[in-house]
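Here's the structure, in C-alpha cells; my notes come after.
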Ligand code: MRU
C-alpha cells in the first residue's frame, strides 16, 4: 500500500497555488485534514517538468520518497525524518520501527538520523513522563512539536548562513560582482528556509553582487540542471548551466571566483561528504587558487564520525548511470529506471551518490554559528562547543 503510494501516482496532485515566479517553494508541509494527518512533499523527481505533491499517510511511504529522492538534501532529510516520526506517532504506527526505517533510508546525510532521533526522543520522554489516558496523544504531539521546531530552526539557520557566507565571500573575493560555481542543489528545496550554499548566492544576488551563478548539471540525477536552475530562474538570478566535465575549462578561463557547495556530513576532522563531483571541484579550486567554501548547518557536523574514511557513502543503482531518465528519477526498488539506455545492455556502473573532500582542500566551512577557517578538528570542536553553550 505504502509503496503504491509513491509509485502509482494515484495520490499525487498538481499544485494549483504556486505561480512560476514564486520565490517560496514549500518543499515539505504537515497538514491535518479530517481523514488524519499527512506529510505533503513537493515531489522533486518531477521537477522542473511538473510541480506535483506527494502525500504521505504512513512512514513507509516517506521512506520510499526518501529513497527515490522525491525528498532530498541533508537539512530537508532531517526535517522529513522528524515529521516522519510524528506521522508514525499520530497515525498509530510502531514509532520505534518507523524511526529505524526512516533513519536507515539513506546512510550519508547525518541530518536524517539527527531529525529522527530528535523527534523520537521527544516522543519517548513525553510518553514515559505521562502515564494514563492520553499519554500516546501527548507523546505524538511532542514529536510533532519537535519536528516543527527543527523546521523553524533550519529556516533561521539558513538566514544566518547566508549572512555569514556573503560576508566571507566579500572578504575572500573583494570587489563584489561574484562568479560562483555550485554543485547539486542546496536551496529552498532542501531546507526550511532558503538553503545553504544557494542561500549565500541568493544573498549576493539580492545585494547586487552576483555576476553569475555557474550551475553544474550534477550527473547522474541532474539535481543542478533540474533543481538549482529551477530555483535560480524563479529568483531571477543570472545563471548558466554547465556539464560537470566543463568545470575544468571554466576554471582555466579564470571565470570562477569561488566554489560554494553544501554538505551531507562533515566529519570531526573537517572532511566533507557531499554530492559526487564535489571533490574534483575542490582539487580544481586548489589548483586555480580559488576559495572552496562549504555551507552547512551545525546539524551536518558529526563529531561521532572521526574522519572522511569513516563516512558511509551511499552507492546507488547502476541504471541511474546507464540510462537517462530526467526529469523523473527512477524509483527505488525498480530494477531498471525505464529511461533511455545510453550504454550497452548489461554494462556495469560505478555510482556513488557522494564523495569526500579532505579538510585541507576546504577554505572554510560556513555555519549558522560562524565560519571555521582553517578547517581543523580543533576549529570545528570549538564551534560545536560554542553552539552548545549558546
Ligand atoms: O542525493 P541528494 O540529492 O540528496 O544530495 C544532496 C546533496 O549532496 C546536497 O549538496 C547536500 O545535501 C547539501 S544540501 C544543503
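The values are calculated or read from the model by the stated rules, or taken from the named source; none is laboratory data. Fair warning: this is a prediction, and the values are worked out from it, not measured in the lab. Heads up, the Cβs are rebuilt from the backbone with ideal geometry, glycines too, and the neighbour counts pull from every protein chain shown.
Observations on the structure shown:
- Restricting attention to region 236-263, the residues that are within 16 Å of the ligand (Cβ to nearest atom) and either surrounded by fewer than 21 Cβ atoms within 10 Å (Cβ to Cβ) or over 19 Å from residue 201 (Cα atoms) (or both) add up to 1.
- Annotation: of all residues in region 99-123 being in contact (Cβ under 8 Å) with a residue 60 or more places away in the chain and not in a helix (DSSP H, G or I), the one that is nearest to the ligand (Cβ to nearest atom) is 109.
- Among the residues of region 264-293, just one is surrounded by fewer than 22 Cβ atoms within 10 Å (Cβ to Cβ), in a loop (DSSP other than H, G, I, E, B) and within 16 Å of the ligand (Cβ to nearest atom), namely 277.
- Sole residue being modelled with pLDDT of 95 or more, within 16 Å of the ligand (Cβ to nearest atom) and at negative phi, chosen from 77, 69: 77
- Positions within region 321-344 being at pLDDT 95 or above and not in a loop (DSSP other than H, G, I, E, B), in sequence order: 321, 322
- Residue count for region 124-163, restricted to those that are more than 16 Å from the ligand (Cβ to nearest atom) and either under 22 Å from residue 369 (Cα atoms) or in contact (Cβ under 8 Å) with a residue 40 or more places away in the chain (or both): 11
- Look at region 296-314: where a residue is in a helix (DSSP H, G or I) and a partner is at pLDDT below 95, sitting 6+ places away or on another chain with Cβ atoms under 6 Å, you get 298/387.
Rundown of residues vs (1) within 12 Å of the ligand (Cβ to nearest atom); (2) buried (at least 19 other Cβ atoms within 10 Å of the Cβ); (3) in a helix (DSSP H, G or I), yes/no style:
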site: 168; (1), (2), (3): no, yes, yes
site: 184; (1), (2), (3): yes, yes, no
site: 189; (1), (2), (3): yes, yes, yes
site: 194; (1), (2), (3): yes, yes, no
site: 199; (1), (2), (3): yes, yes, yes
site: 203; (1), (2), (3): no, yes, yes
site: 208; (1), (2), (3): no, no, no
